[in-house]
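The structure appears below as structure tokens.
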Amino acid sequence: MSEHQENGEQSQALVPTTHFGYQEVPETEKEQLVKGVFSSVASKYDLMNDLMSLGVHRLWKRFTVDLARPRPGQRVLDLAGGTGDLAAAIHPRVRPNGSIVVSDINAEMLAVGESRLADKGIIAGVEFVEANAEALPFPDREFDIVTLAFGIRNMTHPERALSEIYRVLKTGGRALILEFSHPRWPGLQSIYDLYSFNLLPRIGELIAKDRESYQYLVESIRRFPDQETFKAMMEDAGLARVEVFNLSGGIVALHRGFRMD
């Protein structure tokens, strides 16, 4: 082997990688790959959520909002806010003096969310910001509540997003992170695997005309840490009194933590 070949292989080995579903990709590429997935599915995202969860995702999100306990006058950040489901539910609880920032890395998802909220008459007190959750463009201690539903598993560095969430929370503020997790009921994992790997990509192909994106979404769920590991990640970021609420037998978990300092 020549010295040039050896140096080239060493350089490739030093390139940091991360997972994109079951693939290993350079860290620098993941953000664009994820953007591509959600650009592809944005227009059908809510319909697909209804089909994939049989509508139960609406109950999971309602539980999240109830546990967030938004109050009039509070300022809320909804990260990976996509099509605006959580923002629509939170908005009437923080008005008339409160406000919501819906942030997402994907412009197409934000456009869908802004249009949907406008159709509902939700305009005042809502701002849409295209931003990376790993480097938020907001001041320290800006928000009373930060919510994040079904988005953190797609991030290149979830630990950086958690640190940013902690940074922008006010003292006493709370973070609520809803994400697919690891089933806890006996026998549920095998049934869930059968459904996820066989039916979900087919539904994506039929409805959204995009099998590959939904194959990735299924794989990304399996790569996400389990409930206790993610709880520890939140605590490492500085969040305190972290609680885990298993929903639908642990298929989904809601983690809630507080900034206490």
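The values are calculated or read from the model by the stated rules, or taken from the named source; none is laboratory data. Everything numeric in this text was worked out from a predicted model, so none of it was measured. No Cβ is skipped: glycine too gets one built from the backbone with ideal geometry, and neighbour counts run over all protein chains shown. Only protein heavy atoms, including side chains, enter the accessible area calculation; ligands, DNA and RNA are left aside. Shrake-Rupley method; radii C 1.70, N 1.55, O 1.52, S 1.80 Å.
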Residues of segment 176-196 satisfying the condition of being out of contact with any Asp or Glu (no Cβ under 7 Å at 6 or more places or on another chain) and open to solvent by less than 60 Å² (accessible area, probe 1.4 Å): Leu176, Ile177, Leu178, Glu179, Phe180, Pro183, Gly187, Leu188, Tyr192, Asp193, Ser196
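This table checks each residue for (1) in contact with a Cys (Cβ under 8 Å, 6 or more places away or on another chain); (2) modelled with pLDDT of 80 or more; (3) over 16 Å from Asn49 (Cα atoms).
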site	(1), (2), (3)
Asp193	no, yes, yes
Glu205	no, no, no
Arg211	no, no, no
Thr229	no, yes, yes
Val252	no, yes, no
Selection count, segment 221-259, where residues are open to solvent by 20 Å² or more (accessible area, probe 1.4 Å) and in contact with a Pro (Cβ under 6 Å, 6 or more places away or on another chain): 1
Residue in segment 100-107 that is closer than 25 Å to Asp50 by Cβ, touching a Pro at 6+ places or on another chain (Cβ under 6 Å) and of a type in the set (Val, Ile, Thr) present: no
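Could you check segment 122-142 and list, in sequence order, the residues that are among the basic types (Lys, Arg) and open to solvent by less than 50 Å² (accessible area, probe 1.4 Å)? Walk me through how you get there before you give the answer.
Going residue by residue through segment 122-142, those that are among the basic types (Lys, Arg) are 141.
None; the set is empty.
Can you go through Ala89, Ala68 and tell me which one is within 30 Å of Lys209 (Cβ to Cβ) and aliphatic (A, V, I, L, M)?
Numbers: Ala68 fails: within 30 Å of Lys209 (Cβ to Cβ).
The unique qualifying residue is Ala89.
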Qualifying residue in segment 240-248 (condition: under 27 Å from His157 (Cβ atoms), charged (D, E, K, R) and modelled with pLDDT under 80): no
Selection from segment 64-85 of residues that are acidic (Asp, Glu) and modelled with pLDDT of 95 or more: Asp66, Asp78
Of residues in segment 88-121 being assigned to a loop (DSSP other than H, G, I, E, B) and among the charged types (D, E, K, R), the one least open to solvent (accessible area, probe 1.4 Å): Arg95
Checklist (1) open to solvent by 10 Å² or more (accessible area, probe 1.4 Å); (2) in a loop (DSSP other than H, G, I, E, B); (3) touching a residue at least 40 places away in the same chain (Cβ under 8 Å) applied to Gly82, failing item: (1)
Members of segment 143-158 that are in a loop (DSSP other than H, G, I, E, B) and either surrounded by 24 or more Cβ atoms within 10 Å (Cβ to Cβ) or small (Gly, Ala, Ser) (or both): Gly151
